[in-house]
1. FRET efficiency for E349 and D141, Cβ-Cβ distance as r, R0 = 30 Å, nearest 0.05?
2. If packing is taken as the average number of other Cβ atoms within 10 Å across a peptide's residues, how do 91-101, 362-372 rank, most packed first?
3. Report the Cα centroid-to-centroid distance between segment 223-257 and segment 180-217 in angstrom, as an integer.
4. Go ahead and estimate [θ] at 222 nm for the chain from helices alone: -39,500 (n - 2.57) per DSSP H run with n ≥ 4, summed, over the residue count, rounded to 500.
5. Please work out how much length the chain gains when fully extended from A11 to D476, using 0.36 nm per residue of separation minus the C-alpha to C-alpha distance, in nm with one decimal.
6. Leaving out ligands, DNA and RNA, and with a 1.4 Å probe, what % of the accessible surface on the chain is carbon or sulfur?
7. Return the inverse of the average 1/r over all pairs of distinct C-alpha atoms in the chain, which is the Kirkwood hydrodynamic radius, in Å to one decimal.
8. Just the accessible area for R480, please: 1.4 Å probe, Å², rounded to the nearest 10?
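The values are calculated or read from the model by the stated rules, or taken from the named source; none is laboratory data. On a predicted model such as this, the values are computed, not experimentally measured, just so you know. We place every Cβ from the backbone using ideal geometry, glycine too, and count neighbours over all the protein chains shown. Just so you know, the surface numbers come from the protein's heavy atoms only, side chains and all, with ligands and any DNA or RNA stripped out. Shrake-Rupley method; radii C 1.70, N 1.55, O 1.52, S 1.80 Å.
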Amino acid sequence: MRAEELTEEAAECRQELDQYEHRIYVCMAAGCVSLQSEELLEELQDAVEERGLEDIVAVKGSGCMGLCAKGPLVQVQPAGLLYGEVSPRDANDIVESLGEEPVDRLRVPQQQQFYGNQKRIVLENAGRVDPTSLEDYLAADGYAGLVKVITEMSPKEVVDTIYESGLRGRGGAGYPTGLKWRGVYHAPGDQKYVVCNADEGDPGAFMDRSILESDPHRVLEGMAIAGYAVGADKGYVYIRAEYPLAIERLRKAIRQAERNDLLGTSICDSDFDFEVDIRLGAGAFVCGEETALMHSIEGKRGSPRPRPPYPANYGLWGHPTCINNTETLANVPTVIRNGSSWLAGIGTEDSKGTKVFALAGSVNNTGLIEVPMGITLREIIFDIGGGVPEGRDFKAVQTGGPSGGCIPAGHVDLQVDYESLQKAGSIMGSGGMIVMDDSSCMVDVAKFFMQFCREESCGKCTPCRVGTTQMYDLLDKITRGDGQMRDLERMEELCDLVGNASLCGLGQTAPNPVASTLRYFRDEYVAHIQDDTCPAGVCDL
Ligand SMILES: Cc1cc2nc3c(=O)[nH]c(=O)nc-3n(C[C@H](O)[C@H](O)[C@H](O)COP(=O)(O)O)c2cc1C
């Protein structure tokens, strides 16, 4: 398909969707599917057919709508209604109500509260397009960014646009994306690669899975734009095998894009070639680290190597490689469509745009959210999240998974941006956000994350292999009531040693949950050691 044909096709797809008076979207992300949303979709389709309404009512599957706590979710457009906890038995009532009064018993009361404070860029299509339909993506301006770069921009202009937008990597470290792309663009070599990191090993995190389940073409478009910018003709999506739905949709999207000249050779009749393959990971946390990930793609054991050399110069099979997180790449098409100053206008001075979080734990509205950088933790937890259930007290929030830390309730007005979170002893990470109430023991929380790091340590370097085990043993001792005050000093020494001497980010950040709980909740450690009590009543002392 040529670029002009694609634009025409997109307009036709939009027109086709607009001809329906009502569109019913059923959430088909993994959470809702596990709650029977497939049956619900069928019942709704049957209910529409039985009434002969197929020409005016479209019933479609969609990506994650976000408010997972209320799944299965259904949206009715253009009325803007959100129904929650919908069962297949509710299908007739929903169809009967179209154009009439909404079905009150199914309405989600927190709809405004949950969505009103969010800003959706990466998730703009989630809940609005059928992830299995290329036409839906085209109707939502899909691939317009790719067409724009191919027809109107030089690779250098694309790199500069991403640089000027201020986009930073969403995979954890927050490295400026444009700077990374510039490095690969300038790196000498005829063969270059783009890698999408969809390994997502943090416990509690499901942002990248949801993005791929909801809007796979967006990620492919972001990869193709990256390929055009840096001079790569081959891309890999590295995704863990535990994400079968995301993999299935991604495979389908790749086939659709290839058939329509949006991937493959001579994309949109240009001289740009870019193909994408999928590589499945076996579920090791360390394989999300970029050098380990590349070893894994090369068929080697997934363990990290020292950097430099960085992947931008020496990546897959020794060739320059641009490796980005799924959410980073999902930002790219919108940035290209809207221009660099548009993204630069959202967020804070140094953290631009939005961040997707998997909001979990002791919070009423658990689910997937996207918020502007600079929002406060209070706004996320109490406005969007609806506060802590059962009238319990908010105690802390954990961000950044095993590499992050616990921020106490006293810091609830902290701004969410890369630097503020780091100053507070945590990190933005890839987007896990776990809210804890007063029934959580912070020593136990630190032990949980240390157990994870100990088990996931690849064992290649001694500080991480031995240090995480020693820290875990000390934490275990304290939660059993056998701790001594000098264990706290020992643990602080180990935090310093493991953090500074480990080979890769796994070990370098593994001490964070311990260090942050020692910093903010030292009294709880002391209570376990000196008073033989667990203030939260979790540990069996
Ligand atoms: C132990 C470990 C696990 C990681 N896991 C992931 C992951 O699952 N997804 C991801 O995008 N980045 C992960 N990273 C960060 C990557 O090494 C790399 O920085 C990132 O993919 C770069 O993309 P970005 O610049 O778009 O953030 C991990 C790093 C470490 C040290």
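1. Between E349 and D141 the formula returns 0.55.
2. Averaged packing, sorted descending, gives the order 362-372, 91-101.
3. So the two Cα centres are separated by 9 Å.
4. Per the formula, -12500 deg cm²/dmol.
5. 161.3 nm
6. Of all accessible area on the chain, carbon and sulfur atoms account for 44 percent.
7. When all Cα pairs of the chain are included, the Kirkwood radius is 24.2 Å.
8. 120
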